[in-house]
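The values are calculated or read from the model by the stated rules, or taken from the named source; none is laboratory data. If you're wondering where the values come from, they're calculated on a predicted model, not measured in any experiment. When we count neighbours, we look across all protein chains shown, and the Cβ atoms used for this are built from the backbone with ideal geometry, even at glycine.
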Amino acid sequence: MKREYTNVMEEIVVTWVQVLMTGVEYQTFCSCSKCKNDIITLSLNNLPNYYVTTEEGRKRVFESLNTEENRRWINKRIINTIHVVGQYPKHG
Ligand SMILES: [Zn+2]
């Protein structure tokens, strides 16, 4: 069955984690797929869900989340999570 709902927050977090992990500031952190997935799931557990069922709804929610203030706090949560996972990676 095709999934007909999307968590807009998930799309944002996945994209930002990819972008942040390729940035100069985070070169010292492990960016293997295991750590990346841990960062994404931990961040999502600390952020509200924004599920939508239509493309129109997706755009509307994305726009409302894409303000400077929202970007700042979402970014802050993701960066905190990068540090937590970096400090306690689940691999050797
Ligand atoms: Zn790793």
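Scanning segment 1-33 for residues that are part of a loop (DSSP other than H, G, I, E, B) and among the hydrophobic types (A, V, I, L, M, F, W, C) yields Met1, Phe29, Cys30, Cys32. Only one entry in Glu56, Glu10 is modelled with pLDDT of 95 or more, among the charged types (D, E, K, R) and farther than 17 Å from Arg77 by Cα, namely Glu56. When you go through Val24, Val17, Val61, Val8 one by one, which is the residue that is exposed (fewer than 10 other Cβ atoms within 10 Å of the Cβ) and hydrophobic (A, V, I, L, M, F, W, C)? Only one candidate qualifies: Val24.
So that you can scan it fast, the table gives a plain yes or no per residue for (1) aliphatic (A, V, I, L, M); (2) not in a helix (DSSP H, G or I):
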{"position": "Lys36", "(1), (2)": "no, no"}
{"position": "Leu47", "(1), (2)": "yes, yes"}
{"position": "Arg58", "(1), (2)": "no, no"}
{"position": "Phe62", "(1), (2)": "no, no"}
{"position": "Arg72", "(1), (2)": "no, no"}
{"position": "Ile79", "(1), (2)": "yes, no"}
{"position": "His91", "(1), (2)": "no, yes"}
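Residue-wise test of (1) within 16 Å of the ligand (Cβ to nearest atom); (2) out of contact with any helix residue (DSSP H, G or I) (no Cβ under 7 Å at 6 or more places or on another chain).
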position: Arg3; (1), (2): no, yes
position: Thr6; (1), (2): no, no
position: Phe29; (1), (2): yes, no
position: Ile40; (1), (2): yes, no
position: Asn45; (1), (2): no, yes
position: Thr67; (1), (2): no, yes
position: Gln87; (1), (2): yes, yes
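Scanning segment 45-64 finds no residues that are under 18 Å from Lys90 (Cβ atoms) and over 14 Å from the mean Cα position of the chain (by Cα).
Contact annotation: residue pairs with Cβ atoms under 6 Å, 6 or more positions apart or on different chains, pairing a residue in segment 33-45 that is within 9 Å of Thr81 (Cβ to Cβ) and touching a residue at least 40 places away in the same chain (Cβ under 8 Å) with a partner that is among the β-branched types (Val, Ile, Thr) and surrounded by 14 or more Cβ atoms within 10 Å (Cβ to Cβ), are Asp38/Val85; Ile39/Val17; Ile39/Thr81; Ile39/Ile82; Ile39/Val85; Leu42/Thr81.
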